[in-house]
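The values are calculated or read from the model by the stated rules, or taken from the named source; none is laboratory data. All values derive from a computational prediction rather than experimental measurement. Note that we place each Cβ from the backbone using ideal geometry, even for glycine, and neighbour counts take in every protein chain shown.
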Amino acid sequence: MDIELSEISSFIQSIPPFDSLPKPALARLIRELSINYVRKGETLPPNGINEPRLYIVRKGALSCLTNDNELISRLGEGDLCTEFCKQSLQTASNNQQKTPRQVKTDEDCLIYSLDCEVLRELGEKYPSISDYFNYNSAQRLKQKMSKVNEEAIISSSLMNTSVSNFYHSPVAGIDASQSIQQAAIQMTEQGYSCLVVLDNSKSIGIVTDKDIRRRCVAQGLPISASICEIMTRNMSTIDIKSNAYDALMAMTAKHIHHLPVTKQGKVVGMVTVTDLMNNEGQNAVNFSSIIHKAKSLADLKEISDLLPKLQIRLAKLGASADHVGKSISAITMAFTKRLIEMAEEKYGQSPVPYAWLAAGSQARQEQLAHSDQDNGIIICDSMKPYDDAWFENLAHFVCDGLADCGFIYCPGDIMATNPKWRQPVKVWQKYFDGWVDAPTPKALLNSSVFFDLETICGDASLLNAVRTNLLKKTKRNSLFIAHLSKNALGLRPPLGFFRDFVLKQNGKHKDTLDLKHNGIAPIVDLARIYALSQGISAVNTIERIKQAAGSAAISKSSAENLIDAYEFLGILRVKHQANKLMLGLEPDNYLPPKELSKLEREHLKDAFKVIKTLQDSRQTSL
């Protein structure tokens with residue numbers, strides 16, 4: 001894609017409703033675009049265009065007038081002129097407003113146009129397009145405000161925080177007389193990713209490391225050229241009195257990552273997307289607070305609908321997979337706790353102490369939006385047989401409530417509603433002892449689930465006592481570790497003999513990679529083995545690897561490599577699922593490699609190689 005086409009693509013996909021289109025549809029739209037230059041004072045349609053077309057203002061301004069020369073609206077950069085497309089785009093009920101006799105240019109204009117028939121075809125395939133044009137301005141405003149209210153929950157921490165809490169000062173500046181090379185040297189020496197360009201101490205622009213790559217290196221511009229050649233003039237700024245949410249929205253809307261902060265018109269600092277992203281962890285706190293105030297299951301269900309939106313937001317901000325997993329897991333925990341509180345309000349207090357346990361990804365704090373449930377209950381040994389009726393009611397209330405909130409029932413029935421996973425301490429201890437002492441295939445399968453347990457609510461000492469005894473046994477039981485390792489090594493990275501990807505050959509997910517089972521799960525399994533063999537009580541995968549680093553299980557350098565591979569795979573998974581959610585599809589773990597850039601594919605191969613190397617090392621030690 002050449003530079004001009006790339007700029008057109010970036011521009012179009014930033015404009016509603018085209019920002020909701022998948023890449024193939026967007027590409028088709030851009031291929032169909034015509035570019036028109038219209039002089040000031042001329043009218044639309046331009047000379048030579050007879051068919052009805054949608055006009056998109058790229059540069060300049062238009063005025064829409066009635067036949068009485070009454071101004072209806074004025075359009076600027078990024079606005080859509082639908083006046084010549086109304087019959088094909090809008091329903092009769094929405095076509096009652098005044099129709100202008102003319103659309104004229106208020107200044108010289110660069111305009112993109114699209115055949116209305118093409119737009120209608122896109123609308124038939126993608127309802128978000130037809131909905132946008134079928135809704136009148138009031139309906140669209142209502143829809144927008146609904147989204148704003150949702151965003152207020154998701155981003156309330158930023159809404160209530162001043163941008164002054166985030167910006168860095170002083171700002172790194174460079175004189176306008178300096179060269180591109182001198183700017184690059186200064187960025188490297190000072191550790192900055194952007195510089196404000198100064199002329200007689202006055203800010204006249206901004207240059208980023210991305211500008212050097214895109215506007216200098218990619219264009220073959222000599223590094224001796226002036227920094228003014230590649231800087232962004234008329235740079236966007238934000239006043240120090242604004243809140244952090246305004247800064248985030250400004251950067252998102254303009255596709256920039258650095259925003260100078262001004263005080264009385266003078267640049268005093270710089271805020272970045274990374275600065276704001278690091279604060280997004282507060283979202284879990286905001287959600288948890290709202291969940292705690294929920295009065296009914298209906299309230300909880302309404303809040304749970306926002307979880308996918310949070311995952312999308314975090315993915316767009318470039319949050320790490322670890323950050324996303326911990327945020328989502330904390331929110332799932334809040335849902336569970338509130339349901340337990342509601343159950344206790346309904347059934348009364350528990351007859352004996354207990355703890356509600358999460359297993360699997362939630363226990364590891366690696367959950368994504370609306371995963372399936374894995375849970376159980378551990379009860380004090382003082383319980384009597386008739387006490388189980390209370391715990392059965394609790395289990396059904398909570399598990400059914402979680403299912404209503406989008407956390408589907410476990411396909412393997414690993415839930416507290418199953419009496420087997422609703423037992424006193426002594427029974428749980430017997431389970432673990434049996435799995436370690438007699439590692440049958442079924443025992444090893446249970447180990448992969450229940451050796452990742454965490455207390456969500458209740459008496460944590462009940463699980464801690466069992467875990468302490470378990471780790472004493474696994475640390476000295478090399479036979480169990482060997483069986484667990486052999487079982488775990490069955491999941492191999494999808495790399496072929498020549499280091500190309502081995503893709504699924506048929507079925508619904510043909511020509512895809514299973515990121516979870518062939519990439520992430522093998523690392524989770526390795527981390528679990530390291531923890532159990534070294535008596536490490538941590539459950540989170542990254543924490544397990546960090547604590548095992550430098551032990552007999554794994555070297556420090558290998559641990560660092562494995563964490564890098566885990567994070568990269570996790571980021572791909574989070575982004576892939578976010579893309580699915582944005583299209584209104586069910587998120588999954590099946591990634592077509594063709595969706596990745598060449599560089600991303602190479603990084604993915606590197607991640608798989610790290611996993612394979614450590615699996616081979618484990619295999620050799622058996």
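The table below lists the values:
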{"read-out": "Hits in the range 383-401 (condition: more than 14 Å from D372 (Cβ to Cβ) and either surrounded by 15 or more Cβ atoms within 10 Å (Cβ to Cβ) or not assigned by TED's automatic domain parsing to the domain that holds C457 (or both))", "value": "M383, D387, D388, W390, F391, E392, L394, A395, F397, V398, G401"}
{"read-out": "Condition met for V196 (β-branched (V, I, T) and within 17 Å of T274 (Cβ to Cβ))", "value": "no"}
{"read-out": "Options P46, P22; residue that is in contact with a strand residue (DSSP E or B) (Cβ under 9 Å, 6 or more places away or on another chain) and modelled with pLDDT under 90", "value": "P46"}
{"read-out": "Scan of the range 528-554 for residues that are closer than 18 Å to L471 by Cα, in a helix (DSSP H, G or I) and touching a residue at least 24 places away in the same chain (Cβ under 8 Å), ordered by number", "value": "R528, I529, Y530, L532, S533, Q534, T541"}
{"read-out": "Filtered residue count, the range 7-56, keeping only those that are among the polar types (S, T, N, Q) and loosely packed, with under 12 Cβ neighbours inside 10 Å", "value": "3"}
{"read-out": "Any chance R58 is under 33 Å from the mean Cα position of the chain (by Cα), farther than 23 Å from T105 by Cβ and basic (K, R)", "value": "no"}
{"read-out": "Qualifying positions in the range 402-433 - surrounded by 14 or more Cβ atoms within 10 Å (Cβ to Cβ), without any contact (Cβ under 8 Å) to a residue 60 or more places away in the chain and in contact with a Ser or Thr (Cβ under 9 Å, 6 or more places away or on another chain)", "value": "Y409, P424, F432"}
{"read-out": "Some residue of the range 104-116 being at pLDDT 85 or above and part of a helix (DSSP H, G or I)", "value": "yes"}
{"read-out": "Residue in the range 454-461 that is under 17 Å from N477 (Cα atoms) and surrounded by 19 or more Cβ atoms within 10 Å (Cβ to Cβ) present", "value": "no"}
{"read-out": "Residue within the range 47-57 that is among the hydroxyl-bearing types (S, T, Y), in a strand (DSSP E or B) and more than 28 Å from E124 (Cα to Cα) present", "value": "no"}
{"read-out": "Options L585, L569, L596: the member that is free of Cβ contacts under 8 Å to residues at least 40 places away in the same chain and either under 30 Å from T474 (Cα atoms) or crowded, with 16+ Cβ neighbours inside 10 Å (or both)", "value": "L596"}
{"read-out": "R544 modelled with pLDDT of 90 or more and of a type outside the set (S, T, N, Q)", "value": "yes"}
{"read-out": "Residue match in the range 197-208 (condition: part of a helix (DSSP H, G or I) and not charged (D, E, K, R))", "value": "no"}
{"read-out": "For C228: the one exception among (1) crowded, with 16+ Cβ neighbours inside 10 Å; (2) part of a helix (DSSP H, G or I); (3) out of contact with any Gly (no Cβ under 8 Å at 6 or more places or on another chain)", "value": "(3)"}
{"read-out": "Per-region count, the range 389-401, residues touching a residue at least 40 places away in the same chain (Cβ under 8 Å) and under 28 Å from the mean Cα position of the chain (by Cα)", "value": "2"}
{"read-out": "Residues satisfying the stated conditions in the range 289-328, i.e. among the basic types (K, R) and part of a helix (DSSP H, G or I)", "value": "K301, K309, R313, K316, K326"}
{"read-out": "Count of the range 601-621 residues which are more than 15 Å from P493 (Cβ to Cβ) and surrounded by 14 or more Cβ atoms within 10 Å (Cβ to Cβ)", "value": "0"}
{"read-out": "Odd one out for V436 among (1) without any contact (Cβ under 8 Å) to a residue 40 or more places away in the chain; (2) buried (at least 17 other Cβ atoms within 10 Å of the Cβ)", "value": "(1)"}
